[in-house]
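Below is one structure, written out as structure tokens; comments come after it.
Since every read-out is calculated from the coordinates, none of them should be taken as a lab result. Remember, it's a predicted structure, so these values are computed and weren't measured experimentally. When we count neighbours, we look across all protein chains shown, and the Cβ atoms used for this are built from the backbone with ideal geometry, even at glycine.
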Amino acid sequence: MQPIPLPSHIHYETLLQILERQTIQAVQGNPKQQEQVHELIVALRKALSQQKYLEEGCERAGMPVDYRWASSEKDRNVDLGQVFHSAS
């Protein structure tokens, strides 16, 4: 059985951190934009929750999950040690 490709949780966490730490401060004093940012945060949290629910269902069904870091096949098998080393 082929693994089910799903985004790595870090993608959600990174987006949420940016929105909660930076974006929300940048729109302070603009109620409409603040509300939109809050809605986006809620939507991302819901998406992560739904993905976790899907993962649990896959696990119960014996279906493996393949967490993806990138959308393209060539970037799929990235050496994370090399990525983190080059970033420092």
Cβ pairs under 7 Å, 6+ apart or interchain, first in segment 33-53 and in a helix (DSSP H, G or I), second hydroxyl-bearing (Ser, Thr, Tyr), ordered by first then second residue, are Val37/Thr23; Leu44/Tyr12; Ala47/Tyr12; Leu48/Tyr12
Residue hits (segment 6-21; over 13 Å from the mean Cα position of the chain (by Cα) and either touching a residue at least 40 places away in the same chain (Cβ under 8 Å) or surrounded by 11 or more Cβ atoms within 10 Å (Cβ to Cβ) (or both)) are Glu20
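Per-residue answers, yes or no, for (1) touching a strand residue (DSSP E or B) at 6+ places or on another chain (Cβ under 9 Å); (2) of a type outside the set (Lys, Arg); (3) more than 15 Å from Arg68 (Cβ to Cβ):
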| position | (1), (2), (3) |
| --- | --- |
| Tyr12 | no, yes, no |
| Ile18 | no, yes, yes |
| Gly29 | no, yes, yes |
| Gln51 | yes, yes, no |
